[in-house]
Structures are given as C-alpha cells and as structure tokens.
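To start, the structure itself, in structure tokens.
The values are calculated or read from the model by the stated rules, or taken from the named source; none is laboratory data. These numbers come from a predicted model, not from an experiment. Every residue, glycine as well, gets a Cβ built from its backbone with ideal geometry; the counts of neighbours run over all protein chains shown. The area values use the complete protein model at the heavy-atom level, side chains included, leaving out ligands, DNA and RNA. Shrake-Rupley method; radii C 1.70, N 1.55, O 1.52, S 1.80 Å.
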Number of protein chains: 2
Amino acid sequence: MQTITVNLAENSYDIVIAPGSLEQLSSRMKELNLGKKVLVVSNPEIFDYYGKATIQSLETAGFEVCTHLIPAGETHKTLQSIEKIYDTALENYLERSSTLIALGGGVIGDMTGFAAATWLRGVNFVQVPTSLLAIVDASVGGKTGVNHPKGKNLIGAFYQPKLVAINPLVLKTLPEREFRAGMAEVIKYGVIWDADLFAKLEQAERLDSLDYLGEELLQTIITRSCQAKADVVSKDEKEVGLRAILNYGHTIGHAIESLTEYELFIHGEAIAIGMVAAGKIAVSLGIWTKEEAKRQDDVIIKTKLPTKIPADLDTEAILEILKGDKKVKASKVRFILPTKIGTVTITDKVTPEIITEAIKAVISEH
Amino acid sequence: MQTITVNLAENSYDIVIAPGSLEQLSSRMKELNLGKKVLVVSNPEIFDYYGKATIQSLETAGFEVCTHLIPAGETHKTLQSIEKIYDTALENYLERSSTLIALGGGVIGDMTGFAAATWLRGVNFVQVPTSLLAIVDASVGGKTGVNHPKGKNLIGAFYQPKLVAINPLVLKTLPEREFRAGMAEVIKYGVIWDADLFAKLEQAERLDSLDYLGEELLQTIITRSCQAKADVVSKDEKEVGLRAILNYGHTIGHAIESLTEYELFIHGEAIAIGMVAAGKIAVSLGIWTKEEAKRQDDVIIKTKLPTKIPADLDTEAILEILKGDKKVKASKVRFILPTKIGTVTITDKVTPEIITEAIKAVISEH
C-alpha cells in the first residue's frame, strides 16, 4: 500500500493506493470521523461491478448507505444531474456531517464533488476513481464541475476530498480506449514534471493496453502521476500560477473536443493531439528541441493515441474557441509549453500565426 | 469612515462603512487588483436607485461593466436564476480575474455570491448591500446560496467576498417593514454576543423606523453588528462550532417561514418570533432568567416586530420541519439558547415536549 498526502493546510488529505483499498474505505472513513450517512454516486455499469462490495464494506462498518445512479457519459454532466443528486440527498436526510462518495470515472467524480461542495454549503467528499483518467487526474486536486451548454466545466468549485481510495485492479474492467486516454495524462506528467516517469514510459515496449504493462509499471504510473499532481496542487491549490501547467495540451485539446462536439474524441485523445500541437508551438518558438518533441510524439504514438485531427476541421474555428476558453487571461491565449522533458513554461506570447501553423501540422492529409 | 477586517487568513477582507462607500468602490477595487471586467448583479428597483452611480464610478475608474438584473423576491432565489447569471457571464467573456458585484439585499447577495463561487470555479466577488438585513448579516461571512424547492439555502457554498462596501445612506430608500426585519438580526447580535449593543437598543426610545434612530445610533448598530459577525466568522468560518450561534432564533424561525410558505413573514420577522420562542425554551430549561427573556421580548416589541404566529399553524408540522432542517446533527435538533444577555450556548438536549410548549406559547389566541 502506498499513501500520498496532498498538503493543503486544513484541507490536506491522503491518496491511498492499494489493491484492497475498496475494502479499506470504510475503516479509513471511520478514522476520519466522516459522519454516519453516506450517499454513493455512481453510474449503472460501474455500480454493477463495484457497488455491492462498496456498500457491503460501508454497511458492515456501521454506515447508513444510500445510492444515486447517473447514466454514463459527458452529456449527463449537467446542472440538471446535480439537482437530482440534491433530491436524493434531501430524501435521505443527509446532514453537513454526511459523506458523498464518487464511485466512478472523471464525470462521476466531477459531479459528485460539485454536489458535495454545494449541498448544505459543503458535505464530506470521498473519491473512489475507477478509470485511469480519474485515478491519475480527476480524483486529485479538488477541481469539481459540470458543463454549461456552451462549454466544458464552466460551472464548478474547488473542493477537496477527505480521502481518495485507489484500487489499481479496477482498471481490469476498463475499456482499452479509455485506458489509453488515461495514459495521455500520464504522458503529460512525464513531459511537464517528471522526466524519470517519462523515461520509464519510453523504455516500455508497449503502452497501448493494460495487458502489456506489468504490475510494477502500472504501480509506478499511478503513484508518480498522483505524486506529480499532488506536488503541483499543494503549491497552488486555486490555480493562481503554477497549477496551470497541468493544462498542458488542454488549450488546443479542449478546442478540438468542443469543435467535434465531444463525439469524435474522448478527453485524453484530444489532449494527446493538444500535446502534439503544443510541442510544435514550442519548437516554432525555439524553446524546445525538435528531437525532444519527437520523443514525446513517439510515446503518444506507442500508446496508440491519435496525433491528428480530421482534415475537415476549420482552423479558424479552433482559434475562435481558444478566445472563449476559461484559461484565457485578459483576452490573450495562454499556452503551457515544454522547454525540456520534465519542465514547462507558461506564455501568452504565441501569435495567432504560430497557433494556426501548429494546428495545420496536426491536420490529417486529405 | 470605519473599516472592519474579517480575519480569515488568505481569505481576509475589509468591510468599509462610509456614506461615500459607493463612490470609493472603484478605487478600492483597483487597489485590490480585481481585474478589468465587472458584472453588476441587482434587481430592477435597487438598480433604478443606485445602478447609474455605481456603473459610472466603475467605468470612470477604467472597469468594463456589464449588468444582470433579477426580479426582486425570494421566489427568484433559484438555481434557474443562477443559470441566467452564468449566461450573462459567458456572453460578456468574464474571466477568472473578473468580478461579480452584488448590488442589493440578501437575496441578490446570496445569489451573486453563489454564482461567483461557481462560475469558472470561482471569480472575484464584491458586496454592496442595500438593505439593513444584508448590511448586518448577509454581506458578512461568506455564506452564499439558493433555495431548493423543498428548503431555503439548501444549495450553496462558503465563499468570501474580496470587499464589502456599506453606505448607511442607502437605508433611506428601504421600506420600513424591511428595516424592522433587519433590526431583528441586530437584536440577535445584542443577545448572543454584544451586551453593550443590546443596552443601546434598550435605551433607544423607538426602534421601529430609521427616522427615529439618529445617525449615531445607526452607525453604532451597523458597526457593532458587522463587528459581532466578523468576530464570530473569523473564529469559525465553516460553521464547525461557534458560528452556529448566529443561527439563534433561526431554527424555529426557518420552520415558521417554511410552513407559511415564505408569504406571511419576511425573514427577520420570522427570526423575531424564533428568538421569542428560543427565549422561552431557555427559560423552561432553567438556563435563562424570565426577566432577561422579557427584556429581549420588549426590545423586539419596541421594534414593532411580530412575536406571535397565526393560531391555525400546526405545531406538529413545525416539529416535522425541524427534523429536516440542515442544522440538524445526527438527527437531533440543535438549539442556540441564551444564558444571559450577550452569551448563548448550543444544545441538542431540548425535548420535543419543551419545543412544543414554546411553540404553543408564541401562538396567537383564537
């Protein structure tokens, strides 16, 4: 078992990584004095896999458990879904000392976190992430949110969990496409923060499926990624400065997701393309070598993640979306760009011409 | 000009009380480095009075100002109203560095605060309260929220403003009924925290209208009330313990509001009755003297606030509502009860019989 502490003064919490973490959940929650009533939020498929064991463990430990299921998928990540969680919380007399548990991937985590942040002005929140993306990204750092009809995660709050319980074994039931999408964030941590993690990814023969990974590399991937994110978040909880580096690949990535209406690519895939494009911008600006950019792209290709967007996408439209991005500051587009593997810089000095050139470079040939 | 600082580590902020505070707003905001874009949220009536001056002051100082109006009244304090604020924020390209200003009473303040807390995971928030209730209560302490169809303020967040600008002169346009309702919270601070403030209220010849108050007493009322709330909130921002004392009179008060569907009484009026009932409970338990309880009731009567509920209200229904109250802990009803003027205690040892007796004592004769 490994424990990573996210240091945030009174909001500090532990990430527990262990095969038995689901079973340990209830004892940890008791240690943390998390009240008696628990609302488990999940989606039907995940709940089929892990719901019964989770509830049994909680009830055996004396918790009163109720459940709220939300259909899977980003289209349900709305304020309307949050209102339904509120209704369940109300029907079950949840109190300020009660706990919402997110049992699922990033969508369930983001929504449950937002509901926990805003029900009774904040109840306890525990994350049990079940996808690689949620494990290495969404479950650490306290970003919660839902989508606005006009943009992803525009509505949300910073709200830290009391505990994150990660069981690497849950990944066995994860579809391969989602596994690879999660790997995009792992590669990101390598590029922005942890050159040693990047080296391990480079050395691996295959990265495109959990089956080829081996237990040790999987453990390394999860632990180092969570540690990287915990390091960054501990230094800048509210994204005043440093934390923005976690958005590496996300600026163009989000624009691609939005322009393709979240249908063509899943999040990690769009981020992979975003990283390739950001790499090209960094090379254009002369702050990153072509050789290192190629090393990044090679790891992305080895993971069988996409590196190209469809030929019919409008580069102008991507620029337009970038202007409305919530990471825009004083109406300039900010980019996170690598300077060497393991280190990035933040700049708003990228001209529209350079952006357009980078976007064109990731467009598929006709 | 008086300045009260609410000490909350990195979330500390100033309450500025001065006749010219509306005009000073923009210079203070510049000092605080609050970004360029400002969204002023108000209701049509308040905006008619103060909108033009506020916007002019902000624009002269170089801010880009847009406006969002919400019809007056508690019925509009819903998530749907918040969604409309989000839409305006989006249309005007608000960024994380932008500011939402609440120009209005408690409803506008609570909603604007919640929108500020949750748009882009938190933008800057400034309060310009225009009712006595908002000045002495809602604008200090960071509680934001909206109503759930089944209960008041069930949805919300703790989110501190960057600045509160109070101009006592705005009270001249406040309807007398609302002035008196605000006075209920002032009396509350006297009973729970500041015996000296209570003595000043006792000494005043009349308290039922701003016209009889005099500038000095008004200044005292505002300053001491804000100071009382700032003291309590600084010690317990998230209502883990002490802060609950601010709910004195609110347990039964909220139940009365809810049972009368927020139509018969406005908030402060229900709280006045709630304080009378809580006083009776404290006397029943033998922890407060009959004489001091009468002194409290006399000040409430002098303010021409109600002390009785209609004869046809069902005491059982009030008990039922108390059980669903969000201040309930482990399914017990918690009461804040005076032990002497200026000091209260928190207890969950009140039997349903004593509660029923107290409620019966505040029911009008047939």
Notebook entry, point to check: Filtering segment A:153-193 down to residues that are more than 19 Å from A:GLY268 (Cα to Cα) and away from chain B (no Cβ under 14 Å), which residue is surrounded by the fewest Cβ atoms within 10 Å (Cβ to Cβ)?
Noted result: A:LEU169
Margin query: Looking only at segment B:288-321, filter to residues that are of a type in the set (A, V, I, L, M) and in contact with a Pro (Cβ under 9 Å, 6 or more places away or on another chain); which one of those is most open to solvent (accessible area, probe 1.4 Å)?
Written below: B:LEU319
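In segment A:116-140, which residues are on the phi < 0 side of the Ramachandran plot and in contact with a Phe, Trp or Tyr (Cβ under 7 Å, 6 or more places away or on another chain)? Explain how you work it out, then say what you get.
The initial filter retains those residues of segment A:116-140 that are on the phi < 0 side of the Ramachandran plot, namely A:116-119, A:123-140.
Once the filter is applied, which keeps residues that are on the phi < 0 side of the Ramachandran plot and in contact with a Phe, Trp or Tyr (Cβ under 7 Å, 6 or more places away or on another chain), segment A:116-140 yields A:ALA116, A:ALA117, A:TRP119, A:PHE125, A:THR130, A:LEU132.
Kindly establish whether A:THR173 is at pLDDT below 95 and among the β-branched types (Val, Ile, Thr).
On the way: at pLDDT below 95: yes; among the β-branched types (Val, Ile, Thr): yes.
The answer is yes for A:THR173.
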Next item on the list: Look through segment B:322-345, keep the residues that are within 14 Å of another protein chain (Cβ to nearest Cβ) and open to solvent by 50 Å² or more (accessible area, probe 1.4 Å), and return whichever of them is modelled with the lowest pLDDT.
Entry: B:ALA330
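Residue check: is A:LEU285 of a type in the set (A, V, I, L, M, F, W, C), surrounded by fewer than 22 Cβ atoms within 10 Å (Cβ to Cβ), at pLDDT 95 or above and under 17 Å from A:TYR248 (Cα atoms)? Steps first, answer last, please.
Details: of a type in the set (A, V, I, L, M, F, W, C): yes; surrounded by fewer than 22 Cβ atoms within 10 Å (Cβ to Cβ): yes; at pLDDT 95 or above: yes; under 17 Å from A:TYR248 (Cα atoms): yes.
It is true that A:LEU285 is of a type in the set (A, V, I, L, M, F, W, C), surrounded by fewer than 22 Cβ atoms within 10 Å (Cβ to Cβ), at pLDDT 95 or above and under 17 Å from A:TYR248 (Cα atoms).
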Margin query: Checking A:LYS238 against (1) away from chain B (no Cβ under 14 Å); (2) open to solvent by 50 Å² or more (accessible area, probe 1.4 Å); (3) not in a helix (DSSP H, G or I), only one condition comes out false. Which one?
Written below: (1)
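Grab the strands (runs of 3 or more DSSP E) fully contained in segment B:1-85, keeping just those with 1 or more residues being open to solvent by less than 50 Å² (accessible area, probe 1.4 Å), farther than 30 Å from A:SER81 by Cα and in contact with a Gly (Cβ under 8 Å, 6 or more places away or on another chain). Explain how you work it out, then say what you get.
Numbers: elements: B:2-6, B:13-17, B:37-42, B:64-69.
Output list reads B:2-6.
Listed residues B:ALA53, B:ALA18, B:ALA9, B:ALA89; which is closer than 13 Å to B:THR112 by Cα and of a type in the set (A, V, I, L, M)?
Details: B:ALA53 fails: closer than 13 Å to B:THR112 by Cα; B:ALA18 fails: closer than 13 Å to B:THR112 by Cα; B:ALA9 fails: closer than 13 Å to B:THR112 by Cα.
So the residue among B:ALA53, B:ALA18, B:ALA9, B:ALA89 that is closer than 13 Å to B:THR112 by Cα and of a type in the set (A, V, I, L, M) is B:ALA89.
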